[in-house]
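One structure below.
The values are calculated or read from the model by the stated rules, or taken from the named source; none is laboratory data. Please read all numbers here as calculations on a predicted model, not as lab measurements. Cβ atoms come from the backbone with ideal geometry, glycine included; neighbour counts cover every protein chain shown. The area values use the complete protein model at the heavy-atom level, side chains included, leaving out ligands, DNA and RNA. Shrake-Rupley method; radii C 1.70, N 1.55, O 1.52, S 1.80 Å.
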Amino acid sequence: ESEFIVELSRTIDESAPESRVVLPAVFDIVTTQGATYSRAADDIVVDWNQTASDDMAFQLDGSCLQTIHGSIEGDPGTLTISASEIIKRTGDGVEDSCDATVTIMRSRSGSIDANYGHGGDAQGRQVRSFTFVTAP
C-alpha cells in the first residue's frame with residue numbers, strides 16, 4: 001500500500017496541498033485469458049488473488065454488448081456474470097461477435113484538502129482486466 005499526496009497549487013484562490021489517497025492492495029486476475037464465451041450458454045467467471053477489505057466493482061463492455069457494471073460485495077476473489085445478463089447491443093451494423101473486456105476495480109477513499117472547494121472526491125484504485133471473445 002502506497003500513499004500519494006496530491007498538491008493543487010493555485011495563483012488565484014488558496015492552494016490545496018494535502019489531498020491524500022492510499023492505493024489498495026495489489027491483485028492479479030488468474031482467469032485464463034483469450035477464451036471465447038457463448039452468450040447463449042457460458043457464464044463468465046473471473047477469479048483474482050490477494051483478496052482484501054476494500055470496495056470492489058466491475059464492468060463488462062464490448063462493441064457488440066450492452067455495458068454491465070456493478071459493485072462486488074466484499075472481496076470474494078471471484079465474480080460470475082451469468083450468460084443471461086450478457087445482452088447483444090441492438091442497432092444496424094452490430095456484429096454478432098466481438099472482443100469484450102471485464103474490468104475489476106479495487107478502490108479506497110482518500111481525503112480532499114479542505115481548501116479544494118466544493119465537490120469532488122479522491123480514490124486510490126487498482127484496476128485489472130480480462131479480455132475474451134463473446135459470440136452468440
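Over all directions, the average projected area of the alpha-carbon convex hull for the range 1-77 comes to how many nm²?
So the Cα hull casts an average projection of 8.6 nm².
How large is the dipole of the range 71-136 about the Cα centre if only Lys and Arg carry +1 and Asp and Glu carry -1, each at its Cβ, rounded to the nearest 20 debye?
220 debye
Can you give me the % of accessible surface on the range 18-68 that is carbon or sulfur? Probe 1.4 Å, all protein chains present, nothing else counted.
The computed percentage sits at 45.
Set Lys and Arg Cβ to +1 and Asp and Glu Cβ to -1, take the dipole of the chain about its Cα centre, and tell me which of S53, T78, V22 lies farthest positive.
Result: T78, furthest along the dipole toward the positive end.
From the residues Q126, I112, C98, which one has its Cα farthest along the dipole of the range 92-132 in the positive direction, the dipole being from +1 and -1 charges on Cβ of Lys/Arg and Asp/Glu about the Cα centre?
Comparing the listed Cα positions along the dipole, I112 ranks first.
Please provide three numbers in whole Å: the alpha-carbon extents of the chain along the principal axes, with the largest listed first.
56, 37, 22
For the chain, what does the accessible surface come to per residue with a 1.4 Å probe? Please give it in Å².
Per residue, the chain has an accessible area of 58 Å².
Any idea what the relative contact order of the chain is, in percent, if you count C-alpha pairs under 8 Å spaced at least 6 apart?
Relative contact order for the chain comes out at 31 percent.
Have a look at the range 70-109 and give its Rg and Dmax from the Cα atoms, expressed in angstrom.
14.2, 41
Could you compute the longest span of the chain free of trypsin sites (Lys or Arg not before Pro) located in DSSP loops and having at most 16 other Cβ atoms within 10 Å, not counting the site residues?
Longest gap between qualifying sites, sites excluded: 11-88.
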